[in-house]
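Written out below as structure tokens is the structure these notes cover.
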Amino acid sequence: MSSIDFLYPVFKVIPLLLVLSIVLLDNRVARWFNVYTGTSYVLFAFLQSIAITEEYGLSIITNNLIMFLIVAAFWFWEASTQRNDFTPQKQPIWKYWVIPFAFLAFWYPANPITLMPDFNPVYLLTNGAGLAFCMMTPVYLAILTLYYPRINIPTLRVTSIAGTIIGFYNILVNFFMVPSILWWNGLLHIPLITISVYGLMLSFKKRKRES
């Protein structure tokens, strides 16, 4: 994605503003948030699943492409049905554990060349995490879990399933295949696997009937 690195700040600022707007304006920005999230997954599908290589030419990770587009479809469906209710509600303190995890993923404090730890705060606005499935999915799922149960459960479930699958794959690669190079990248994928599994568990949790 280096050819579009000039767009990285755009895809950092927009989600930051949308998350802040949800906190301040709740459902008045819900549709915009859902549409942006769906658009993000379309971009993930094409930017991260398709490449042109010198050796093989056009290469497509078909499974990821289809999976990301399915997730996008559920978010666009949510934009139409408006099942997510971002009205403030009282939550137990422990449920806010997702915030530091999502923040870490969004920040992605890694040197872009060595992938080693680099806690430069400028990365909050300049790196490519805003266009990466693994870094933004924890952010979107964190929002849904914090407003659970008044959310679109199928969208939570499908997004969580995709996050769990990709998260498991990344943990395998980073920690067991090339740990000497990718161990820090693996740690930065912990938010994806943990929040995705958590979201998946919530999506199957039996909810009390609301009046």
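The values are calculated or read from the model by the stated rules, or taken from the named source; none is laboratory data. Remember, it's a predicted structure, so these values are computed and weren't measured experimentally. For neighbour counting, all protein chains shown are included, and Cβ atoms are generated from backbone atoms with ideal geometry for every residue, glycine included.
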ask   = Counting only residues that are in contact (Cβ under 8 Å) with a residue 40 or more places away in the chain and over 16 Å from the mean Cα position of the chain (by Cα), which one in segment 167-193 is surrounded by the fewest Cβ atoms within 10 Å (Cβ to Cβ)?
value = ILE181
query = Has segment 92-108 got any residue that is closer than 13 Å to MET136 by Cα, of a type in the set (Gly, Ala, Ser), touching a helix residue (DSSP H, G or I) at 6+ places or on another chain (Cβ under 6 Å) and modelled with pLDDT of 95 or more?
reply = yes
key: Of all residues in segment 169-211 being over 21 Å from PHE106 (Cα atoms) and of a type in the set (Ser, Thr, Tyr), the one that is modelled with the highest pLDDT   = SER203
ask   = Which is surrounded by 15 or more Cβ atoms within 10 Å (Cβ to Cβ), over 26 Å from ARG31 (Cβ atoms) and touching a helix residue (DSSP H, G or I) at 6+ places or on another chain (Cβ under 6 Å), of LEU156, LEU115?
value = LEU115
query = Which of the residues that make up segment 20-44 are within 11 Å of GLU78 (Cα to Cα) and among the aliphatic types (A, V, I, L, M)?
reply = ALA30, VAL35
remark   = ASN27: passes all of (1) within 20 Å of the chain's Cα centre (by Cα); (2) touching a residue at least 60 places away in the same chain (Cβ under 8 Å) but (1)
task = Out of the residues in segment 99-147 that are hydroxyl-bearing (Ser, Thr, Tyr) and in contact with an Asp or Glu (Cβ under 9 Å, 6 or more places away or on another chain), state the one that is nearest to GLN89 (Cα to Cα).
result = TYR147
query = Is it fair to say LEU104 is surrounded by 13 or more Cβ atoms within 10 Å (Cβ to Cβ) and assigned to a helix (DSSP H, G or I)?
reply = yes
message = Being outside any helix (DSSP H, G or I) and either under 19 Å from the mean Cα position of the chain (by Cα) or charged (D, E, K, R) (or both) is the filter here; which residues of segment 62-95 pass it?
response = ARG83, ASN84, ASP85, PHE86, LYS90
query = In segment 109-147, which residue that is in a loop (DSSP other than H, G, I, E, B) and within 17 Å of the chain's Cα centre (by Cα) is nearest to MET67 (Cα to Cα)?
reply = ALA132
